[in-house]
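One structure is given here, and the rest of the page talks about it.
Quick note: the coordinates plus some simple rules give every number you see, no bench work behind them. None of these values were measured; they are calculated from a predicted model. Backbone-built Cβ (ideal geometry, glycine too); neighbour counts: all protein chains shown.
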Amino acid sequence: MLGAAALVGLAAMRCGAGLTTIGIPKSLNPSLQQKISPVIMTLPLPETKEGTLSKTAYATIMSKLKNVQVLALGPGLSGDPTTQNLILRIIANCPLPMVIDADALTALAQDISVLQKNTSPKILTPHPGEMARLTGYKKDFIENSRKKIAGDFARNYHCTLVLKGHQSIVASVKGELSVNSTGNVGMATAGSGDVLTGMIAAFLAQGLAAYDAARLGVYLHGLAGDLAAKEKTAISLIATDIIEKIPLALKKQIQLTKK
């Protein structure tokens, strides 16, 4: 799903990432180059016969990590078994802060213990359905106990957790917990979560602690969505509308901070 990767990269750039590179199966690289802005780089990687990332991409990816500050992992990678195993190996050995979303959460649901195999800061961004797969709880139970489940998971697995949805919950490994006040129903649209992943990754790359990067990303993501909905209505909102409003959301936040 090339669109997911493109949205992550564009959102990261709009939130101040100085340089963003998208890892991509090599045969899909020309197509992705046509989808994304020229300000984003791509890294063609070895692929399976199905056109997903191969296990042999591991060495190239780990080498690339020596020259970056943050890894965003998951959006668009697919549920291919080989790629899922690659994802788990990366999470277990990545020395960098990570934002883990989408197909990487699907991989973690197969072996959640991987989260505890290194001490790198990790931010997980599941929606309730993904949280159900990670925990084994039913979705309805999660929706009725959002704060407790998010807080318990963050402490038990030594990560920062963003439980997405109406008034998204952000929980830290230290027991801190916040409830987001921005956002609207129009943001339940394809690609919105990919935008959030890119935003949080950009703030991590600029030196914010995991909990702070997650809270700021969630807040500004919702604010950008509110600004877009005000202009285009919630029903017409699409993910690129959120990205377009990130600069204005950041401007409002900067002005508020100066007061």
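Figure the gain on full extension for Lys232 and Asp212 (residue separation times 0.36 nm, minus the Cα-Cα span) and round it to one decimal in nm.
Value of the extension gain: 4.2 nm.
Treating only the Cβ atoms of Lys and Arg (+1) and Asp and Glu (-1) as charged, compute the dipole magnitude of segment 169-259 about its Cα centre; round to the nearest 20 debye.
Dipole about the Cα centre, nearest 20: 340 debye.
When we measure straight from the Cα of Lys258, which lysines land under 23 angstrom away, once same-chain ones fewer than 8 places off are left out?
Counting by Cα, and skipping residues close in sequence, Lys258 has these lysines nearby: Lys245.
At a threshold of 8 angstrom on Cα-Cα distance, excluding pairs fewer than six apart, so keeping six or more, what relative contact order does segment 2-258 reach in percent?
18
Would you kindly calculate the translational diffusion coefficient of the chain, applying Stokes-Einstein with the Kirkwood radius from alpha carbon pairs, for 10 °C and a viscosity of 1.306 mPa s, and quote it in µm² s⁻¹ without decimals?
87
What longest region of the chain stays clear of GluC sites (Glu not before Pro) that DSSP places outside H, G, I, E and B and that have at most 16 other Cβ atoms within 10 Å?
51-175
Which percentage, to the nearest 5, of the DSSP beta bridges contained in the chain is antiparallel?
For the chain, the DSSP antiparallel bridge percentage is about 35.
If each residue of separation counts as 0.36 nm, what is the full-extension length gain between Gln34 and Asp140 once their alpha-carbon separation is subtracted?
Result for the pair: 34.1 nm of gain on full extension.
Under 26 Å Cα-Cα from Lys139, which lysines qualify once same-chain neighbours fewer than 8 residues away are excluded?
Within the straight-line limit of under 26 Å, Lys139 reaches these lysines: Lys122, Lys147, Lys148, Lys164, Lys174.
Tell me the net charge near Leu177. Cut-off is 13 Å between Cβ atoms, Leu177 excluded, with +1 for each Lys or Arg and -1 for each Asp or Glu.
Once positives and negatives cancel, what remains is +4.
As a test of the formula, what do you get for the chain when each DSSP H run with n ≥ 4 contributes -39,500 (n - 2.57) and the sum is divided by the residue count, at 222 nm and rounded to the nearest 500 deg cm²/dmol?
Calculated from helices alone, the mean residue ellipticity at 222 nm is -14500 deg cm²/dmol.
May I ask you to evaluate 6.51 cos²θ - 1.76 cosθ + 1.60, the Karplus curve with θ = phi - 60°, for each residue of segment 90-100 and list the ³J(HN,Hα) values in order in whole Hz, giving x for glycine and proline?
Here the 3J(HN,Hα) series is 5, 4, 5, 10, 5, x, 9, x, 10, 10, 10 Hz.
Cut-off under 27 Å on the C-alpha distance; same-chain residues fewer than 8 positions from Lys26 excluded. Which lysines are left, in chain and number order?
Lys35, Lys49, Lys55, Lys64, Lys66
Tell me, Arg89, Arg146, Arg14 in order of fewest to most beta-carbon neighbours within 10 Å?
Arg89, Arg146, Arg14
Could you size up the charge dipole of segment 2-258 around its Cα centre, putting +1 on the beta carbon of Lys and Arg and -1 on that of Asp and Glu, and report it in debye to the nearest 20?
With Lys and Arg at +1 and Asp and Glu at -1, about 440 debye.
Compute the FRET efficiency between Glu50 and Thr257 as 1/(1 + (r/R0)^6), taking r as their Cβ-Cβ distance and R0 = 45 Å, and round to the nearest 0.05.
0.45
Taking every pair of Cα atoms in segment 154-250, average 1/r, invert it to obtain the Kirkwood radius, and report Rg/Rh to two decimals.
Radius of gyration relative to Kirkwood radius: 0.98.
Where the centroid of each part is defined by its Cα atoms, how far is segment 48-79 from segment 137-165 in Å?
Answer, in whole Å: 27.
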